Structures are given as structure tokens and as C-alpha cells.
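The values are calculated or read from the model by the stated rules, or taken from the named source; none is laboratory data. Here the structure is a predicted model, which means the values were calculated and not measured. Note that each Cβ is placed from the backbone with ideal geometry, even for glycine, and that neighbours are counted across all protein chains shown. The area values use the complete protein model at the heavy-atom level, side chains included, leaving out ligands, DNA and RNA. Shrake-Rupley method; radii C 1.70, N 1.55, O 1.52, S 1.80 Å.
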Amino acid sequence: MKPQNKNYQDPKILPKGNPFSVPEGYFKSFSERLEKTMRTKDLPLPGKKINPFQRFSVSYFSLAAGFLAFVAISYALIHLILNGTSNNISKSSQYATYIDLQLEDYDDALLFEAVAQKTELEAEYQKELSEEKMIEFLLREGIELDLIINEL
Amino acid sequence: MNVTEKELSTLFTSSVTREKAFRIIVDEYKERLYWHIRKIVIQHEDADDILQNTFIKAWENADSFREESTLYTWLYRIATNESLSFLRKEKKSWDKNGTNLLESLESDAYFNGDAVQKKLQQAILSLPERQRLVFNMKYFDEMKYENMAEILELSVGALKASYHHAVKKIMKIFQAD
């Protein structure tokens, strides 16, 4: 036999029974009372579905709100598109009218002359440019300016 | 219980079967948890409130239950924490009113123990909170140190030491008379 520690205190001499009691039927009715408490705290009860009306009404309102938002956005978009398009159309039609009016002031001969004039002017301009470049080139090559001008 | 604790844990962790599992859990564990709570808070009405809060907390935190610990250990831990929170909250009013758990024991309508049992309960109430818990769980609930360690989050060695000191103090009170 194992020698017992002299400091060992055997708690088995202490009473072990349960001195406490409960009201009659306490444990039997506990589940019901717990359910009642959970209902008070607005917790979804085990075994009970969420109030179907509550679920329906919540989704109904969100559906209605979504629909209204869709209608509002659609209206705004359509309004924007139509106004923008009509502006463009009116502008281009106005331009076309302007061109028509402008063109009516001219006969064919005048038009040809205008085109020719334009071409001559362009040619002159091009010519000037060519001479300028040539002079630059010659100066870079060391040819004196007096000599270049005499030759031209 | 027709299902094992392991099966019940699995049912409880699944959102599909949770509701059914919860009903079984309440039926299965309400008495054990109640007596554990009652020994801490003494008064029946307080124990009833805390027991309900324990199950409500378990329901609300079902998603956080990990099957690493057993269902009973998890529930026991919630019950212990709820009881200790209650005591800490009540202690403030006790300090103001001059009442305490000893007086609760005297006035408790649902205490049917004899003089020796009353003396034991008074001795237990004189212990520090942690020692009282350890003593109740070891002596009355006959819980293994390993399970206690999981519930109280203390080492087995610390629990053994705590129990030893608790017994020593109680025996001293008993042997003083």
C-alpha cells in the first residue's frame, strides 16, 4: 500500500449530496420558457420559420424601390439621347442649308476661277518656299549672298 | 439521447440541421449546465437567467463552434463565463448594499441541505473565485482535469494545485469546529 502523504487531506469526509433544489416542473417547462425569451429578443427560433409576411414585405419594398430607380434612370437616359441627337441633326441640316445658299451665289465659271486662283496662290507659295530653301542651302555651302541674288 | 455527442456536434454545425440539433442540445444538457451554474451563483432565479443566456449565446454563436472541442465542453465554457460575468456585475451592487453570496445562501428558498451541507457551501463560498470553480467541478461534477483545463483554459498542473489548496482551506474550516 502506498504510504499516504501526511499533508494529504481526504475530501471524501465532506458531504457530497446536492443541497439545492428547483421549483416543481422547472426542467420540464424550461424549453418552452427559453423559446419565449428568444421570441422576446426577436431571435429566429429553432424550428420556427421567419414570419412570411415580414419576408414578403421587405422584398416587396425593395422591388418597388428598384423599379422606380430603373424608371427614373431610363427616363433620364432617353431624354439625354433624344436631345443630343436632335441637336446634331439640326446643326448638320443648318450647315447643309448654309452650304446650299453659299453655293447658289456661284456659277460654274466663278467656281473654276476660284479654284485656279487658289492653285496659283499655292504654287506661288510653294515657289517661294523652294527659293528660300535653295538660298539657305547655298549660304551653308559658303556661297556669298550677293552672288546668289545676282544669279536669281 | 439517440444520437451521440459527436453526431449532435455535426448536426449543430450544419445550418440545415442546426435547429433540430439545438432542441436536442437544450433537452440533453439543461440539467447538467443548470447545476454547474447554480453552484456558482447560488440563487435559483439567477441560475435560470444565466442558463437561458447560455443557450441563447450558444445559438447565436453556432457558427463559431469548432468540433475541436466537444459540444458539452463548449457549452460548459459558455455557462462558466456567463456565471463569472454575472458575479462580477453583481459584486458592484453587493459592495454597495453589503450583501454577498453568503447572504444569498442564507435567504435562498431552494436550499434544502442540512447543517453540514450548509457549512460546506459556506466554506466553498469563502474560496477565491477560481478555486471555488475548480473545487465544484472536481468534487461535485467529478470532471477530469483535462476537460477542466479546456474549459477554464488553465494547465492541468495549475488545476491540481488549485484543487489541493481549495480542499486544504475547506478542511481547515471543517476541522476548526
Self-check item: Estimated distance in nm for a label pair at residue B:85 and residue A:76, the labels positioned 7 Å out from Cα along Cα-to-Cβ
Solution: 4.6 nm
Exercise. Write out the trypsin sites (Lys or Arg not before Pro) in segment B:115-177 meeting two conditions: DSSP loop, and at most 16 other Cβ atoms within 10 Å of their Cβ.
Key: B:144
Practice problem: Could you grab the relative contact order for segment B:17-99? Cα pairs under 8 Å, six or more apart, rounded to a whole percent. | Solution: 33 percent
Exercise. Could you work out the local net charge near residue B:44, counting Lys and Arg as +1, Asp and Glu as -1, over the other residues with Cβ closer than 13 Å to its Cβ?
Key: -4
Quiz item: Between residue B:122 and residue B:147, what length comes free when the chain is fully extended (0.36 nm per residue of separation minus the Cα-Cα distance, one decimal in nm)?
Solution: 6.4 nm
Quiz item: Counting other Cβ atoms within 10 Å of each Cβ, which GluC sites (Glu not before Pro) in segment B:14-74 have at most 11 and sit in a DSSP loop?
Solution: B:68
Quiz item: Taking the Cα atoms only, what angle lies between the long axis of helix B:44-60 and the longest principal axis of chain B, rounded to 10 degrees?
Solution: 30 degrees
Quiz item: Quick one: if the Förster radius is 22 Å, what FRET efficiency do residue B:156 and residue B:129 give, using the C-beta to C-beta distance and rounding to 0.05?
Solution: 0.70
Quiz item: Considering segment B:37-170, what Rg and Dmax in Å follow from its alpha-carbon atoms?
Solution: 15.4, 46
Quiz item: How many square angstrom of accessible surface are buried between B and A, both sides summed, with a 1.4 Å probe and rounding to 100?
Solution: 3300 Å²
Quiz item: Which of the residues in segment B:105-123 lose at least 50 Å² of accessible area when you go from the chain alone to all protein chains together (probe 1.4 Å)?
Solution: B:110, B:117
Quiz item: Got a sec? What order do B:35, B:74 fall in by accessible area at 1.4 Å, biggest, i.e. largest, first?
Solution: B:35, B:74
Exercise. Could you work out the relative contact order of segment B:92-177, using alpha carbon pairs under 8 angstrom and six or more residues apart, expressed as a whole percent?
Key: 27 percent
Quiz prompt | Accessible area of chain B divided out per residue, in Å², using a probe of 1.4 angstrom | solution = 50 Å²
Quiz item: log₁₀ I(q)/I(0) of segment B:8-100 at q = 0.19 Å⁻¹, via Debye over equal Cα point scatterers, no solvent, to two decimals?
Solution: -0.84
